[in-house]
Structures are given as C-alpha cells and as structure tokens.
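Colleague: Below you will find the structure I want to go over with you.
Each reported figure results from applying straightforward, stated rules to the coordinates on display, with no laboratory input. Fair warning: this is a prediction, and the values are worked out from it, not measured in the lab. Glycine also receives a Cβ, built like all others from the backbone with ideal geometry; neighbour counts cover every protein chain displayed.
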Amino acid sequence: FGVQEIHPAELVFSVWYLFLGLPAVVLAARALDVGRVPDRALSGLRKLGAQPWAAPAAVALAALTTLAIRAWVLQFAPTADDESTYVFIARTLLEGRLVNPSPGDEAFFRNQFVVLNDAAWYGKYPIGHPLLLAAGEALGLRALVGPALSAAALALTFAIGRCLWTSGQALLAGGLL
C-alpha cells in the first residue's frame, strides 16, 4: 500500500512531527545563535582538522560505525526491497548473466524492483553498485561493501574540502556527510 500512495497514518505522523519538531528546531537555532557554542565548536574543529590523524580516524570511525549498526542493530537484514534487489542483481552477475531464466510463477515472485516476464527476470537498477556487491559476494565480504563505500565518500569529501577550504571546514563537511 505504501508503495503506490502515502498511507494516511504516515501523513498524520508527518504533521505531528512538524508540529512538535518545528518549535524545538527554532528554539535550538536561537540558542545556538545567541550562545558561544558555534564559536567553540568551530575553534575545536579547526584544531582537530589541523591534526594529520583526524581524517583517517574519522574515515575509520565512520566505517566501523556503519558496520557496527549493520551487524548489531540490523543483524545484516535487508532494510528495503531495494537492498534485496541489489543482492539479486549481484548474484546474477556472479553467475555470468545479466538476466535469469524465468522462475515461472510470476505472481509469487512479483517484486516492485524486479522485472519478471515469461522470458526472464532481472533487477531494474543499473549494474554499477551490484558489480561492487558481486565482488564483495565473491570474496565473502559483501557486508563490508556499504561501509567501505561510506568511508570512501567521507574520505573524498574531506579531500575535496581540504582543496577548497580549510581543514576545519573540510572536517565539518565530512561530519555533515
């Protein structure tokens, strides 16, 4: 139901979230505006960003945090249909194919992110990310692909940030990412 249209309960939740959250955000922004916290935080970021170990430590922390959440909180369960589809595509690629033979029972195997007809079934997504998942699957390290990509995005953000701004600002950009 939630794929075709927005559930009314979800709309009610969003209104309550806005109604209760907006005053909290406004008050927090006002408190930060009149206080000295932003100046202290930026000063600390400048000092931290100047340390040669700050960026590698932040990247390692991000990767380990992502992996820990994936392992201990999610217990490696797929969190969305998309994730299962990416794994489906990755395993198809590992078999040396772009499509799979049709399983025959289209109604049973129907999935919103998988094309299924009499001839074949295949995922609807481009194969870029599934290729990385396939490499991880082949090595038995598929669970590390997501954290590695997150860490790489953080490292790239920090590196670009250092080219464009100060190291403290680059570290802030990485933190916001």
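Colleague: Quote to one decimal, in nm, the extra length available between residue 12 and residue 118 on full extension: 0.36 nm per residue of separation minus the C-alpha distance between them.
Modeller: Computed gain between residue 12 and residue 118 is 34.0 nm.
Colleague: Using only Cα atoms, tell me the angle between helix 128-139 and the longest principal axis of the chain; keep it within 0 to 90° and round to the nearest 10.
Modeller: The two axes meet at around 80 degrees.
Colleague: Can I ask one more? Mind checking the dipole of the range 94-167: about its Cα centre, +1 per Lys or Arg Cβ, -1 per Asp or Glu Cβ, Debye to the nearest 20?
Modeller: Roughly 380 debye, rounded to the nearest 20.
Colleague: Taking every pair of distinct Cα atoms and averaging 1/r, then inverting, what Kirkwood hydrodynamic radius in Å comes out for the range 1-127?
Modeller: Across the range 1-127, the inverse of the average 1/r is 20.1 Å.
Colleague: Normalised by the residues of the range 118-177, what does the relative contact order come to in percent, with Cα pairs under 8 Å and at least six apart?
Modeller: RCO, the range 118-177: 19 percent.
Colleague: Moving on to the next point. Pick from 156, 22, 133: which residue has the top mean-square fluctuation in a GNM of the chain where Cα pairs under 10 Å get a spring?
Modeller: Maximum among the listed residues: 22.
Colleague: Helix 54-68: angle to the longest alpha-carbon principal axis of the chain, degrees 0 to 90, nearest 10?
Modeller: Tilt of helix 54-68: around 40 degrees.
Colleague: Rounded to the nearest 500 deg cm²/dmol, what is the calculated helix-only ellipticity per residue at 222 nm for the chain, with -39500 (n - 2.57) per DSSP H run of length n ≥ 4?
Modeller: Theoretical 222 nm ellipticity from helices: -21000 deg cm²/dmol.
Colleague: Follow-up question, since we're still on this one. Assigning unit charges at the beta carbon (Lys, Arg +1; Asp, Glu -1) and nothing else, what dipole magnitude in debye, to the nearest 20, does the range 1-78 show about its Cα centre?
Modeller: I would put it at about 480 debye.
Colleague: Any idea what angle helix 8-34 forms with the longest principal axis of the chain, computed on alpha-carbon atoms, 0 to 90 degrees, nearest 10?
Modeller: Taking Cα atoms only, the helix is inclined about 20 degrees.
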